[in-house]
Amino acid sequence: FNLFVDRDGMIRLPKVGVVSVAGLPFKEAKELIQKEYSKYFSGFEMNVSMGALRTITVYVVGNAQWPGAYTISSLSTIVNAMFAAGGPNKNGSMRDIQVKRDGRETVHFDLYDLLLKGDKSNDIRLMPQDVVFIPPIGPVAAIAGSVNNPALYELKSETKISQLVEMAGGMNTVAFKGRIQIERIVENTRQTVFESDLEKMKEQEISLQSGDIVKVYQVVPDKRVVRVSGAVQREGEYGFNPGMTVKDLMLLTGGPKYYTNKKEAELTRVTVTDQGPKTEKVILNLEKALEGESGDNLPLRENDYLFVRTVPEWKLYQTVTISGEVKYPGTYTIRKGEKLSSLITRAGGFTDRAYLKGAVFTRERVREIQQKQLDESADRLEREMAARGTLAVAAASSPEEAQIKSSETQQMKGFLAKVRQAKAKGRLVVPISDIGKGKGATEYIELEEGDSLFIPANPQSVQVSGSVFNQTAFVYDGNKGISDYIKLAGGYTENADKKRIYLLKVDGTAVRPEEGFTSIFWSKTSSQWESGGKQLDPGDTIVVPEQLERIAWMREIKDITQILYQIAVTAGVLLVAF
């Protein structure tokens, strides 16, 4: 059968009568019901289970995250109501939460008991229409440094330093109990009012004030070590012990590596003198030191540094890559002084489709130099743009002119970003000749770590880029000249700079007419650009630059044409103004 608890907390038990269960926990209510029935019956079994819970309305007010009226279970407590309302806000107290019932204060609840100690013995069950009031936060003090939970804590009544340390979870393992400091606001200035060890503070029973900051310092590291690096099994710092020798230290490292130079190791020692630190370097024979000979197995001092050298020019192996139209492409190890021709031979030589004019040989060292040059050009460009932009806006005579100058500044920033994105390829122009067909660069170019050689197949195309209407590639025709390909690309745009056309040759070189190259000129006979007997090669790129003079700010940038040309050649990127 089902029983209902009425408004007065009473239940009506069949054959027993009315019984009050108001305020009883469910477990005690079960025991009471069983006890009442045992007065009238014997030898029976009873099972009591919870049905539906009645809901009640309570009010959470004051400094709560979400103050308001809440409908909660009739078994809910202060903590349940606090969770429903999001807890105290940043201005709310956590240590004096009040429950008001029928206009009277019933209890003062301290959330710290629950959060820091797990104690909720004062967490009473709420009744209908109870008011949970969160007052403003009380006095606070901060604790920082070597404690387990550094934070800002609310104080309750008189609080000692030891109590604050306890609230912060105690000191951690690196705390130095011999130095604790209190900072306090005195006469509107923050001052250090007390500094001592924890025991003395406990003896003096110093009470905290609102706004105090307690600092717990950590143990000052006092390591006594020696250091070793280089060709040993385990580099690093090792604890120093009086009487320790070079041999002892080497044994701790696991010994030398197989490529160690056992004839020479360097011991560095710094001695403190009245005139300042004095550095002493000793070269010792590591092999003899490991054998225990006293002349080299020197006794160590604290902070000594031992550097164990490798054999001269040691490197386990160096690798280079060859790819494309060779018979056996891949990554090859090389010996010191090995030539490019040797690598090509080891790769089985070229295939029938190899296009040697278009060979791309890159080197990391060259890439770094090229990238440095690009970065320096970008830096110089940025300085000039910044100076010009600031002066131009300042000199504007009207708001409209200032707006135009500001727009130009944004264009300059966008252009500079493109320059910054250009990355050098590290291409080294090397004429590649077939093995056995005359000596070329392949016979004298020594390989370096990270070198790469790519042999393309015959591209059978010519690329047209820049200020033309259709930047694309066209099928190579040996009878066509530069003007023919520009016509195929739709001709020049109105911004094209016809006087500065140049070729990026497939072999990595660049040809500019203004440098005296007579292969590109205007023929009155054929009324077109001619190549002076040096025909275009498959894979060449015809570059038609923009007229930079049409852009006001570019006219005033020194060497802008040279910078764009450098980027096109070095990074293979053709930049436009915007």
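Just to check your reading of the model, which residue among Phe44, Phe83, Phe1 is of a type outside the set (D, E, K, R), within 30 Å of Gln163 (Cα to Cα) and free of Cβ contacts under 8 Å to residues at least 24 places away in the same chain? Before you say what the answer is, go through the steps one by one.
On the way: Phe44 fails: within 30 Å of Gln163 (Cα to Cα); Phe1 fails: within 30 Å of Gln163 (Cα to Cα).
Selected residue: Phe83, the only one of Phe44, Phe83, Phe1 that is of a type outside the set (D, E, K, R), within 30 Å of Gln163 (Cα to Cα) and free of Cβ contacts under 8 Å to residues at least 24 places away in the same chain.
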Only residues in region 106-127 that are touching a residue at least 24 places away in the same chain (Cβ under 8 Å) count as the first member; pair them with residues that are part of a loop (DSSP other than H, G, I, E, B) and among the basic types (Lys, Arg), Cβ under 8 angstrom, at least 6 apart or cross-chain, and list the lot. Asp110/Arg95; Asp110/Lys156; Leu111/Arg95; Tyr112/Arg95; Tyr112/Lys156; Leu114/Lys120
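Rundown of residues vs (1) buried (at least 18 other Cβ atoms within 10 Å of the Cβ); (2) closer than 30 Å to Val311 by Cα; (3) among the small types (Gly, Ala, Ser), yes/no style:
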residue	(1), (2), (3)
Leu152	no, no, no
Ser157	no, no, yes
Ile182	yes, no, no
Met201	yes, no, no
Gln218	no, no, no
Lys223	no, no, no
Ser229	no, yes, yes
Looking at region 201-304, what strands (runs of 3 or more DSSP E) fall wholly within it and have at least 1 residues that are closer than 30 Å to Arg190 by Cα and under 36 Å from the mean Cα position of the chain (by Cα)? 213-218
Being surrounded by fewer than 17 Cβ atoms within 10 Å (Cβ to Cβ) and either modelled with pLDDT of 80 or more or assigned to a loop (DSSP other than H, G, I, E, B) (or both): is that true of Lys487 here? yes
Here is a check on your reading of the model: is Gly68 surrounded by fewer than 12 Cβ atoms within 10 Å (Cβ to Cβ), more than 16 Å from Leu155 (Cα to Cα) and of a type in the set (Gly, Ala, Ser)? yes
Enumeration of residues in region 236-251 that are out of contact with any Gly (no Cβ under 9 Å at 6 or more places or on another chain) and under 13 Å from Leu290 (Cβ atoms): Val246, Asp248, Leu249, Met250, Leu251
Regarding region 98-111, can at least one residue be identified that is within 30 Å of Asn2 (Cβ to Cβ), surrounded by 17 or more Cβ atoms within 10 Å (Cβ to Cβ) and outside the structural domain of Glu154 (by TED's automatic domain parsing)? no
In region 263-272, the residues that are more than 8 Å from Val308 (Cα to Cα) and touching a residue at least 24 places away in the same chain (Cβ under 8 Å): Lys263, Leu267, Thr268, Arg269, Val270
Provide a single number: the residues in region 191-214 that are under 17 Å from Leu155 (Cβ atoms) and of a type outside the set (Asp, Glu). 11
Could you identify the single residue in Asn479, Asn470 that is modelled with pLDDT of 70 or more and over 43 Å from the mean Cα position of the chain (by Cα)? Asn479
Taking the criterion of being assigned by TED's automatic domain parsing to the domain that holds Ser76, closer than 30 Å to Met201 by Cβ and of a type in the set (A, V, I, L, M), would at least one residue in region 115-131 satisfy it? yes
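On the given criteria, is Gln209 touching a residue at least 12 places away in the same chain (Cβ under 8 Å), surrounded by fewer than 18 Cβ atoms within 10 Å (Cβ to Cβ) and either assigned by TED's automatic domain parsing to the domain that holds Asn148 or aliphatic (A, V, I, L, M) (or both)?
Values: touching a residue at least 12 places away in the same chain (Cβ under 8 Å): yes; surrounded by fewer than 18 Cβ atoms within 10 Å (Cβ to Cβ): yes; either assigned by TED's automatic domain parsing to the domain that holds Asn148 or aliphatic (A, V, I, L, M) (or both): yes.
Here the answer is yes, as Gln209 does meet what is asked.
The values are calculated or read from the model by the stated rules, or taken from the named source; none is laboratory data. These numbers were taken from a predicted model, which means no experiment stands behind them. Glycine also receives a Cβ, built like all others from the backbone with ideal geometry; neighbour counts cover every protein chain displayed.
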